[in-house]
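Have a look at the structure below before the remarks.
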Amino acid sequence: MMNCGGLLVFLLCAGLGADSITVTSTKSVIEVARGDNATLPCTYQSSTAPGKRKFTVAKWNLINPNPEEIPIDVIIYTTNESSTVGNQYTNRVSFVGDVEQGTASILLSNVRIMDNGTYACEIIIPSDMTGTKIAKASLLVLVAPSKPICQIVGTAEYGQNIQLTCKSEEGSPVPTYNWESYSPQNQPRPTPTSQEGGVLSLKNISMETSGFFICTAKNKIRSAACNVTLSVMPPSMNIALYAGVIGGIVGAIIILGIIIYCCCCRKEDYPEDYEMEEPEQQKDRPYDQVPSKEDNKHLSHETRPLPPPNKPKSLPRSEHEEA
C-alpha cells in the first residue's frame with residue numbers, strides 16, 4: 001500500500017507529465033551532396049490533445065557559429081496561418097507531414113555550401129510548460145575537392161629553404177592534403193614529413209631535391225591532384241647570367257664610344273678657297289710695301305713688284321703719264 005508521501009510524489013509527476021512536451025530528431029547528422037535534397041527530421045509528443053490546443057508553433061533556425069549573433073530563420077509554422085520562410089531559403093524549404101499531429105520535419109531542396117551547419121527545431125504549445133522543446137540536427141553538405149593549385153614559394157637554389165603549397169578552393173568536408181615525391185627518373189622516393197595543411201617545407205635544398213611532386217586533395221566524396229616540377233640550380237648559374245648581361249652592356253657602350261670618336265675625328269685638311277684678305281692683313285705682306293726712291297733706282301721696269309694677288313693687276317704707267 002502506497003504511503004502518503006509516495007502518493008504525493010506520484011501525483012506531482014503525473015501532473016507534470018500532463019503539461020509537458022518532448023521534441024526529438026531521429027538523426028543528429030544528415031549528409032547530402034551539394035545540389036541534392038535533404039530532409040531534416042523533427043517529431044514531438046505533447047500531453048495536450050490537438051483539439052485542446054490554442055495553437056501550435058513549429059520553428060526551424062540555423063544556429064549561427066558566432067554565439068553573439070542571432071540564429072538565421074529557416075521556416076516558421078503557426079496554426080491556421082501560412083508558413084514564413086527566411087530569405088536564404090526562399091522556394092527551397094517546406095514542412096513534410098502534419099505539424100499538428102506531431103511531425104515537424106522539413107525538406108530542404110537544392111542544398112548549398114552555405115546550408116552547412118546545425119539546425120534547431122523548436123515546438124511551442126502554450127499549455128505545455130515543461131519538457132524538451134528543442135531538438136538539433138546538423139547538416140553536412142558534401143562537395144568534392146576542386147582541382148588544387150600547386151605552387152613553389154621561394155628560390156629554387158642550392159642551400160635555400162622553400163615551400164610547396166597545395167590548396168583547393170572548394171571541398172566539404174575540408175579536404176586533407178598529401179604530398180608524394182618522385183625523382184627526375186620518375187622513381188618514387190621518400191617524401192619529407194614536414195607537411196601540414198597542404199604545405200610541404202623543404203630545407204637546405206640541393207640537386208638531389210629536384211624532381212616531381214604530386215599533391216592529392218581528398219575528402220569523403222572524391223579526390224583531386226596537382227603536380228609541380230622542381231629544378232634546383234646552383235647560384236653560380238645566376239651569377240653567370242648577370243655577368244653576361246653586364247658584359248653585353250659594357251661592350252655596347254665601348255662600341256658606341258668608338259663610333260662617336262671616329263665621327264668627331266673624321267675632319268680632313270682640304271685646301272681653302274681663295275678669299276679676299278682684309279686690308280689690315282695685306283699691310284704686313286712684304287710685297288705690299290711701297291718701294292722707296294732708292295729702291296726704284298735699282299729696279300728696272302721689268303722687275304717692278306707685282307701687285308698682291310688679291311688686288312687687280314694694272315698696267316705700268318709710262319713715264320709720260322707719271323710726269
Residue in the stretch 53-73 that is touching a helix residue (DSSP H, G or I) at 6+ places or on another chain (Cβ under 7 Å) and under 29 Å from residue 143 (Cβ atoms) present: yes
Search result, residues across the stretch 189-213 that are loosely packed, with under 15 Cβ neighbours inside 10 Å, of a type in the set (S, T, N, Q) and within 11 Å of residue 163 (Cβ to Cβ): 194
Qualifying residue in the stretch 168-179 (condition: among the β-branched types (Val, Ile, Thr), open to solvent by less than 30 Å² (accessible area, probe 1.4 Å) and without any contact (Cβ under 8 Å) to a residue 60 or more places away in the chain): no
Subset of the stretch 97-110 [at pLDDT 95 or above, open to solvent by 40 Å² or more (accessible area, probe 1.4 Å) and of a type outside the set (Ser, Thr, Tyr)]: 107, 110
Pairs where the first residue, in the stretch 204-224, is closer than 20 Å to residue 182 by Cα and the second is of a type in the set (D, E, K, R) and outside any strand (DSSP E or B), C-beta under 8 Å, 6+ apart: 224/147
Residue that is over 30 Å from residue 176 (Cα atoms) and part of a loop (DSSP other than H, G, I, E, B), where the choices are 65, 126: 126
Check on residue 59, basic (Lys, Arg) and open to solvent by less than 60 Å² (accessible area, probe 1.4 Å): yes
Only one of 85, 99, 111 that is under 27 Å from residue 34 (Cβ atoms), aliphatic (A, V, I, L, M) and free of Cβ contacts under 8 Å to residues at least 60 places away in the same chain: 85
One residue from 113, 124 being more than 30 Å from residue 172 (Cβ to Cβ), open to solvent by 20 Å² or more (accessible area, probe 1.4 Å) and not aromatic (Phe, Trp, Tyr): 124
Matching entry among 39, 26, 43, 56 (being under 14 Å from residue 121 (Cβ atoms) and touching a Gly at 6+ places or on another chain (Cβ under 6 Å)): 43
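A quick yes/no check of all residues on (1) without any contact (Cβ under 8 Å) to a residue 24 or more places away in the chain; (2) in a strand (DSSP E or B); (3) over 23 Å from residue 82 (Cα atoms):
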{"site": "106", "(1), (2), (3)": "no, yes, no"}
{"site": "121", "(1), (2), (3)": "no, yes, no"}
{"site": "140", "(1), (2), (3)": "no, yes, yes"}
{"site": "145", "(1), (2), (3)": "no, no, yes"}
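When you check residue 226 against the structure, is it touching a Gly at 6+ places or on another chain (Cβ under 9 Å), surrounded by 14 or more Cβ atoms within 10 Å (Cβ to Cβ) and farther than 28 Å from residue 30 by Cβ, yes or no? Step through it out loud before you land on a result.
Values: touching a Gly at 6+ places or on another chain (Cβ under 9 Å): no; surrounded by 14 or more Cβ atoms within 10 Å (Cβ to Cβ): yes; farther than 28 Å from residue 30 by Cβ: yes.
The answer is no for residue 226.
The values are calculated or read from the model by the stated rules, or taken from the named source; none is laboratory data. Owing to the predicted nature of the structure, the values given are computational and were not obtained by experimental measurement. As a convention, Cβ positions derive from the backbone with ideal geometry for all residues, glycine included, and neighbour counts pool all protein chains shown. These area figures cover heavy atoms from the full protein model, side chains too; ligands, DNA and RNA do not enter into them. Shrake-Rupley method; radii C 1.70, N 1.55, O 1.52, S 1.80 Å.
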